[in-house]
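So the structure is just underneath, and the comments pick up after that.
No value in this document is a laboratory result; all are computed from the given coordinates. This is a predicted model, so every value here is computed, not measured. Glycine gets a Cβ as well: all are built from the backbone with ideal geometry, and neighbour counts include every protein chain shown.
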Amino acid sequence: MKQLIECVPNFSEGNDVNIINQIADAIRSIDGVKLLNVDPGKATNRTVMTFVGEPEQVIEAAFAGIMKAAELIDMTKHKGEHPRMGATDVCPLIPVANISMEETAGYAKKLGQWVGEELGIPVYLYEAAQKNKDRSNLSVIRHGEYEGFAKKILLPEWKPDYGHAKFNERSGATVIGARDFLIAYNVNLNTKSVKRANSVAFDIREAGRVKRTGDPVSGLIAKDENDNEIRIPGKLKGVKAIGWYIEEYGIAQVSINITNFRETPLHIVFDEANKSATERGLRATGSELVGLIPLSAMTDAGKYFLKKQGLSIGVSEKELIHIAVKSMGLDELAPFNADERIIEYQLQKESSKNKLAAMTLISFADETASDSPAPGGGSISAYIGALGISLGTMVANLSAVKKGWENRVEEFSDWAEKGQKIKDTLILLLDEDTRAFNKIMEAFSLPKANDEEKKSRKEAIQSATKYAIEIPFKVMENAFASMEIIKAMAETGNPNSASDAGVGALCARSAVMGAFLNVKINAGSLDDKDYVKDILEKGTEIEQKAKSLEEEILKIVESKIK
């Protein structure tokens with residue numbers, strides 16, 4: 001499987017569209033790299049770019065972007081609200097798929113050496129790429145910013161990791177490293193006061209604030225017996241934050257970096273910032289993301305806010321994202337386009353993996369009815385199964401909001417969430433079944449001019465055939481698993497929706513039987529008879545259980561609709 005890493009360089013230019021475009025074009029020029037997002041900020045005079053690809057291609061693209069930024073950006077003339085130390089201020093690499101943090105750090109070092117030696121830009125490593133923990137924190141490295149680096153770089157303890165210890169007046173210095181996914185996030189406040197925004201930032205950030213004697217703002221800084229500043233820790237681990245004023249919007253913001261969103265989720269950061277603001281007579285009116293965000297951060301936020309409302313979390317992915325956007329006001333300053341801002345959606349868009357699932361009902365029916373052999377019975381079985389569990393999930397969600405059943409919201413929400421997961425899996429298998437069929441056709445089209453080619457072709461056919469058995473078998477397993485949910489809804493769900501549970505059971509049983517037909521027809525062409533015997537025995541057992549369970553569910557339904 002391919003290794004994938006993400007790169008999110010921050011360039012010190014957010015106003016000149018021509019410069020921004022030239023840097024973006026330099027990154028795009030590297031084959032195998034996909035530039036996912038370009039996010040300029042006028043007040044910060046800074047642009048965040050996000051691209052992904054295989055490691056060697058990504059560091060080549062990063063080098064191209066850094067080189068172009070060094071050519072076009074003159075730091076002697078740069079002004080902006082955000083802390084910065086160079087034309088390319090920071091360039092992190094983030095592991096995405098099939099690669100460890102240690103390996104990613106190795107590529108960061110390779111890139112750092114390349115930039116230091118070829119471009120003459122002093123490079124500092126940070127986070128996982130930096131062994132010296134005294135200088136692995138970005139804010140510590142960047143302290144003093146561009147203006148202070150002419151002196152700082154001469155200090156022995158601040159010798160660059162790569163490049164000469166000589167200040168590059170035009171390009172400044174660059175920080176390159178490897179880290180976990182960082183969410184750059186701003187919370188909007190109904191004030192113009194940077195002082196008030198900083199108060200909120202100090203409340204929530206892990207570093208907290210300096211303790212003072214007397215007045216908490218103007219009092220003397222409290223120190224310990226070793227003359228070190230005493231700090232009052234903030235509320236949230238792995239959160240960095242400062243306050244600033246954004247003239248473009250006429251508001252102050254709390255600018256936040258969430259360094260571990262799994263430990264400290266986005267929605268908790270927003271809620272805590274809002275709580276702190278409220279305690280200070282302010283209000284968080286909304287928020288904005290800088291760059292991209294993982295899908296799970298958005299769906300987790302959607303579930304969190306639905307739970308706070310006492311509603312079922314077993315809704316579609318699209319609805320979870322909608323709730324997250326509205327709850328945190330992510331569309332207050334600009335429209336929030338999930339296809340552009342969520343990293344998984346960007347990658348899906350490029351791969352066009354789910355062609356059938358993206359069709360309208362009419363288009364899907366027309367495609368099925370055409371003279372093309374795919375989509376066929378396997379894909380239709382997956383779709384029927386998805387419709388069946390969708391009905392079961394609908395009953396769960398209707399039951400969760402039934403008047404008088406308020407104390408059962410969590411019960412039905414859990415069923416609905418399980419149903420959504422099965423539905424999403426079956427939708428993916430809908431397209432996967434067609435791809436499995438196409439793999440067989442591709443294998444049959446391989447050359448067979450000599451014995452070696454014949455052998456290779458036969459192996460490819462057998463491999464593709466086995467895959468074409470495994471996919472409909474997964475449809476069987478998931479459709480059968482959905483019947484547990486459907487039965488529970490027939491027994492305990494809203495009685496007014498009992499017939500819907502019955503139709504769901506009919507669909508689920510049909511999906512099991514239809515998928516099994518595909519398993520059997522493909523099994524006839526597989527040479528591995530032991531595998532065939534095992535899979536047919538398992539399939540027969542699932543089919544028999546599905547028929548029996550369907551009968552049970554229909555009896556329950558009939559008893560409720562008489």
key: Net length gained if the chain between Glu452 and Thr76 were fully extended (0.36 nm per residue, minus Cα distance)   = 128.9 nm
ask   = If r is the Cβ-Cβ distance from Ser445 to Lys211 and R0 is 51 Å, what FRET efficiency results, to the nearest 0.05?
value = 0.10
request  = Using the structure shown, select from Lys439/Lys545; Lys474/Lys547; Lys303/Lys421; Lys307/Lys418 the pairs with a Cα to Cα distance greater than 21 angstrom.
outcome  = Lys439/Lys545
ask   = In deg cm²/dmol, rounded to 500, what helix-only [θ] at 222 nm does the chain give when every DSSP H run of at least 4 residues adds -39500 (n - 2.57) and the total is split over its residues?
value = -17500 deg cm²/dmol
ask   = Label-point separation (nm) for Glu551 and Leu295, each offset 7 Å from Cα along Cα-to-Cβ?
value = 3.9
message = Can you return the lysines within cross-link range of Lys223? Criterion is Cα-Cα under 20 Å, with same-chain partners fewer than 8 residues away left out.
response = Lys211
ask   = With labels modelled as points extended 7 Å from the Cα through the Cβ direction, what inter-label distance (nm, one decimal) is found for Lys159 paired with Asn21?
value = 4.5
inquiry  = Please list, by residue number, everything in the stretch 1-21 whose backbone N is under 18 Å from a paramagnetic label point 7 Å out along Cα→Cβ of Ala334.
reply    = 8-21
task = Answer rounded, prolate or oblate for the chain, using the Cα gyration tensor with square roots of eigenvalues a ≥ b ≥ c: rounded when a/c is under 1.5, else prolate when a/b is larger than b/c, else oblate.
result = oblate
query = Normalised by the residues of the chain, what does the relative contact order come to in percent, with Cα pairs under 8 Å and at least six apart?
reply = 10
remark   = Quick calc, Ala150 & Glu229: beta-carbon distance into FRET formula, R0 41 Å, rounding 0.05, result 0.95
request  = For Arg170, enumerate residues with amide H under 5 Å from its amide H, sequence gap 5+ or separate chain, H modeled in the peptide plane.
outcome  = none
query = For Ser29 and Lys421, FRET efficiency with R0 = 60 Å and r from the beta-carbon atoms, rounded to 0.05?
reply = 0.90
ask   = Angle, helix 194-204 long axis vs. longest principal axis of the chain, Cα atoms, 0 to 90°, nearest 10?
value = 50
ask   = Does the stretch 4-178 come out rounded, prolate or oblate, given a ≥ b ≥ c as the square roots of the eigenvalues of its C-alpha gyration tensor, rounded meaning a/c under 1.5 and, failing that, prolate meaning a/b above b/c?
value = oblate
ask   = So how much slack lies between Glu484 and Glu247, counting 0.36 nm per residue of separation and subtracting their Cα-Cα distance, in nm?
value = 79.7 nm
message = How much length would be gained if the chain were fully extended between Asn137 and Ser559, taking 0.36 nm per residue of separation minus their Cα-Cα distance, in nm to one decimal?
response = 145.3 nm
key: Folded to 0 to 90 degrees: helix 451-492 orientation relative to the chain principal axis, Cα   = 90
remark   = With DSSP loop assignment and no more than 16 other C-beta atoms within 10 Å, the GluC sites (Glu not before Pro) in the stretch 167-256 are Glu169, Glu206, Glu225, Glu247, Glu248
